[in-house]
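Student: My structure is below; once you've seen it, I'll send some questions.
The values are calculated or read from the model by the stated rules, or taken from the named source; none is laboratory data. All figures in this text were calculated on a predicted structure; none of them were measured in a lab. Reconstructed Cβ throughout: ideal geometry from the backbone, glycine too, with neighbour counts over all protein chains shown. Side chains are part of the model used for accessible areas, which takes the heavy atoms of the whole protein and leaves out ligands, DNA and RNA. Shrake-Rupley method; radii C 1.70, N 1.55, O 1.52, S 1.80 Å.
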Amino acid sequence: MVVLESEGDDIKQIPAEDDNISTVFRVTKDAQQQHGLRHGDYQRYRGYCSRRLRRMRKVLKIPQGDRRHYRRRDVTPAHLTASSAESRLLCVPLLQAERAWAHAMQLRQEANTEPRKKFHLVSRLKKAYAHAQTLLQLCEVSGACDARTQLEARAYAAWLGGALLLELQQWRGAADSLRQAQLVLDNLCSALPDDERHVYKQKVEELKPSLRYCAYNIGDQSAAGELVAMRGQGLIENLDTLMAQAKESRSGIMHEVEWRGRRVTVRPEKVRLFLIALQDLDKSVESAQNVEAKIEILENILMDCKDAISAIKDEIKNDPKLKSGSENQQSSVHYLLSYLMYLRLMRTIDRNNLLVQQAEEARKKNAPLDGKKVRPQDLTRLYEIILQNYTELQQLPGFDTDEAYQREIETAMSAYRAFRCYYIAQVLTGLRRFREALAMLERSTGYITEITSKIKDIHLKNKLEMLQKDIESCKFVVHADSVLEDEEDDEENKYTSSGKPYKDKKPLVDRLDEYREDTQLLTKNPNVYKLPPPMEAIPCKPLFFDLACNFIEFPNLDDKTGAANSKKQGAGITGLVKGFLGWGSDK
């Protein structure tokens, strides 16, 4: 038995009795994961295959010429039947096929901006398929391989053949080749132990999107929904482009779109592809398994719609014909832009409705959503977002004067206002503001009564009927809570409608005359006294003004302080002069 093992940079043959065996798909998978394909780097993996081929040809002594001259030397059955043959020779065509396939995948990435590289891509896939056929022929003719290795080589060649036919849009041939590869891999899974099935199961899952795409192009309409679902899960790339090409080949290119009695020409390629992909959206959403899958599909469509709107805006900005053209040309392009914005907002509303449905289901089951318990405030916020979307729909350019359109939007807004009022009432009930809650419930009933005869959407009409029943029951609950509120003042604990105890905010110092076993006093934050104390008004400290001080005659204390003696000593000569001259006397 020939088995292959990857060890570092080398691929070598090991005995069949060894437990650590690897086969064709395991060798290729390990090499791809270790050399770039884990990150989608096909160029790096292609370089690795080239280096391995050069080293292996040197070791096996089958070089293709020297440094100056090239001489092609393929591995033939004669090499395997020779006396000095090594089974590692089978790795040469395998690595050649992997190198050509990696080059083709690299060109596919580059073909998004350079369409001419698609021709080179097809030639490299043909080369990869030719090398895979050489590997299969060597395994079958040489007789050095067991049945398992031959089956894997057959599945590998069938897979590459299906990839080539898929690129050439030969749907039936591609489907047959891929089914053959899938059948071989399924048989291998059933015949091998559990620890060796992982690689084959993973390869079978990779084949499913291509098989469904082939079935869709052959004419199986049920495959469209599954393809969109796979695209939402990231299992297939460029789905919109591929589906658009298939539809255009069968039913013609979409050049016009009709909306509200008016036809508009669709010029940008991205817009046409988006509108074609949008045709099967409803079926794919309905066939989704759960709400999360539906939300994911709508989010992907919204991203594509955003790209289409950007393409229209770029055309309006860059096309000189639209700037200097007639008013009819400008109005048609702007009308198409309004239509795309309408589609984006409507799909956003559908997505938000699914989020509401998800939150309501989690709330009924009392289960957390994204790690948090769903509250009425969360649902109120979602309905606020929906109403904002409808407000943007009202303000679309060109529809301000369309009375029928405005009436439709206003009717839908009234319906969602009823839902918003209902959940606002639940929030107010939790805050024990029963009068405001009853007022919001009455307003919600008014909205429903106003628009019941105007709504045409059956699904929305059924939701409003259920809402009407919920409002009636909620009114009785709110009324009962408001009546029981006064009766429960003297009880140990008061409870809200949600069942949580209502804590009395009055501190213990203000209710010393009331006996109540308050469990809050045993907690770490007992409500004993309010700190800091509240501010109180007190009279100011009076100011005294000593007005009588200027009219009081104080006693003379000079004789006690010694001031009189100092006056007498200083005035001796002065007194003599005064008396002698006759001036300065008291006379």
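Student: Points 7 angstrom from Cα along the Cβ direction at Asp282 and Asp559: gap in nanometres?
Tutor: 12.7
Student: Let me ask another. At a Förster radius of 56 Å, what calculated FRET efficiency corresponds to the Cβ-Cβ distance of Met303 and Thr401, to the nearest 0.05?
Tutor: Given R0 = 56 Å and the Cβ-Cβ separation, E is 0.95.
Student: Any idea how far apart Ile458 and Gln289 come out in nm if each label point goes 7 Å out from Cα toward Cβ?
Tutor: About 2.9 nm separates the two model spin labels.
Student: Would you tell me the accessible area of Asp195, worked out with a 1.4 angstrom probe on the heavy atoms of the protein chains, in Å² to the nearest 10?
Tutor: 120
Student: Just to verify a number: what accessible area does Tyr129 come out at with the full protein assembly present, 1.4 Å probe, Å² rounded to tens?
Tutor: 80
Student: For Glu465, Glu403, Glu98, Glu360, write out the residues from largest to smallest accessible area, computed with a 1.4 angstrom probe and no ligands counted.
Tutor: Glu403, Glu465, Glu360, Glu98
Student: Still on this structure, I have one more. Using the Kirkwood formula on the Cα atoms of region 398-488, what hydrodynamic radius do you get, in angstrom to one decimal?
Tutor: Values: mean 1/r = 0.0703 Å⁻¹.
One decimal place: 14.2 Å for the Kirkwood radius.
Student: May I ask you to rank Val59, Val24 by accessible area, largest first, using a 1.4 Å probe over the protein chains only?
Tutor: So the residues, ranked largest to smallest area, are Val59, Val24.
Student: Follow-up question, since we're still on this one. Can you tell me the order of 106-118, 412-424, 60-72, 263-275 when each peptide is scored by its average per-residue count of other Cβ atoms within 10 angstrom, highest first?
Tutor: Numbers: 106-118: 13.5, 412-424: 22.0, 60-72: 9.4, 263-275: 17.9.
Packing proxy ranking, top to bottom: 412-424, 263-275, 106-118, 60-72.
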